[in-house]
């Protein structure tokens with residue numbers, strides 16, 4: 001172990017939020033050891049902005065609860081932790097872990113119980129990556145480095161502590177963490193990890209709960225380097241373990257969505273991870289829709305059933321929460337409504353709760369070369385920038401264009417019908433009349449010319465047809481209703 005000065009590592013208390021300092025101070029005041037550990041220390045050394053900070057202490061979760069009272073909540077069964085609330089922020093406080101006295105593992109070697117308390121030296125050995133095993137005491141201004149992690153950070157190398165095979169068997173999710181850290185930090189993976197990172201090893205992920213895999217997939221989507229990690233998921237055969245019916249290739253649509261997600265995170269905009277699931281599952285959704293349409297199912301019902309089928313199939317790998325499933329299906333349904341909206345519904349559609357997500361999805365499809373959008377992505381983009389008067393003119397113009405397209409379609413159908421009909425050759429080839437009067441006279445059928453006298457001779461006033469009287473029927477004898 002080496003003790004480093006925090007200032008030489010580029011660390012100072014000015015970089016830390018008051019929430020983590022309050023937790024460290026409260027535990028120290030109560031007589032316990034307390035350090036900042038994990039990704040927060042690593043990111044500060046690398047000059048990055050940490051998303052959160054984790055604390056570690058020799059106090060048990062129950063003792064942490066005594067220190068913070070109602071501000072603390074103990075969670076976890078397999079890995080017991082204390083969550084301490086400091087204002088609006090949440091600090092995760094873990095207790096030093098020791099090797100289990102009696103290993104409680106699954107058939108594949110995954111640890112099922114890990115609540116054995118120990119010392120800081122034992123806790124270091126239980127960490128997964130060397131770069132996450134640096135203990136920072138801000139008030140003392142020191143950093144405890146047990147495995148020369150500072151050298152791995154300088155060399156940008158991702159190295160597991162201990163035997164990589166054993167560490168992956170203990171927790172297969174470490175394979176996902178390996179790719180996530182390599183993509184996020186732009187680190188190279190150590191050769192000893194690459195040797196055992198095989199498709200057979202990734203099969204261990206099938207033993208992980210689909211709920212936990214969904215949480216890990218969310219971390220992949222929201223880390224800000226999604227476009228970099230997607231090819232790595234395919235190369236290391238992780239893709240098949242996370243996604244059920246999604247072919248392991250990155251289409252232009254998926255790539256654009258990944259770049260767009262990363263850009264939004266970099267400029268500080270919020271994202272909904274379920275949006276990228278909607279992108280990934282879009283192709284299987286369309287294929288399932290076509291299946292139901294070929295069976296004669298009504299389009300609306302086909303879309304609804306296809307959405308249920310695709311999400312149910314994906315749940316065998318990652319269980320998407322109900323609210324996220326609803327969001328995904330609404331984004332898919334908005335594609336139909338935005339593609340061919342009724343003019344009188346355009347204004348209401350632009351204020352819909354899912355309009356923005358549906359529009360972003362439609363525009364990404366259009367920019368990816370999807371011709372089925374018919375340019376409506378650009379139209380909606382321009383519509384949002386217009387004033388009220390310009391919007392009214394745009395809707396009127398859209399209405400005229402829509403009616404024109406319908407007439408054109410109807411005309412084309414008539415032309416196709418005429419082309420299909422069998423042509424009959426005329427018996428006599430008569431020359432085409434030149435003048436309009438001749439054409440009009442030829443079009444009218446010739447009527448026999450009869451004189452008034454001849455008409456009178458044929459039908460006189462005493463003709464039987466003129467003598468016929470209307471007979472009043474007895475309606476009481478008429479049977480109303482269906483006849484057989």
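The values are calculated or read from the model by the stated rules, or taken from the named source; none is laboratory data. For clarity, every value in this text was computed on a predicted model and none was experimentally measured. Using ideal geometry, Cβ is built from the backbone for each residue, glycine included, and neighbour counts are taken over all protein chains shown.
Between 36, 74, which is surrounded by fewer than 17 Cβ atoms within 10 Å (Cβ to Cβ) and touching a strand residue (DSSP E or B) at 6+ places or on another chain (Cβ under 6 Å)?
Answer to the selection: 74.
Considering only residues of segment 171-212 that are farther than 24 Å from residue 317 by Cα and assigned to a loop (DSSP other than H, G, I, E, B), which is nearest to the chain's Cα centre (by Cα)?
Result: 186.
With the requirement that a residue be buried (at least 19 other Cβ atoms within 10 Å of the Cβ) and either part of a loop (DSSP other than H, G, I, E, B) or free of Cβ contacts under 8 Å to residues at least 12 places away in the same chain (or both), what does segment 272-297 give you?
281, the sole residue that qualifies.
Among the numbered criteria (1) assigned to a loop (DSSP other than H, G, I, E, B); (2) over 17 Å from the mean Cα position of the chain (by Cα), which single criterion is violated by residue 345?
Condition not satisfied by residue 345: (1).
Hey, among 31, 38, which residue is at positive phi and in contact with a helix residue (DSSP H, G or I) (Cβ under 9 Å, 6 or more places away or on another chain)?
Selected residue: 38, the only one of 31, 38 that is at positive phi and in contact with a helix residue (DSSP H, G or I) (Cβ under 9 Å, 6 or more places away or on another chain).
For segment 258-271, indicate whether the set of residues that are in the same structural domain as residue 214 (by TED's automatic domain parsing), buried (at least 17 other Cβ atoms within 10 Å of the Cβ) and touching a residue at least 60 places away in the same chain (Cβ under 8 Å) is non-empty.
yes
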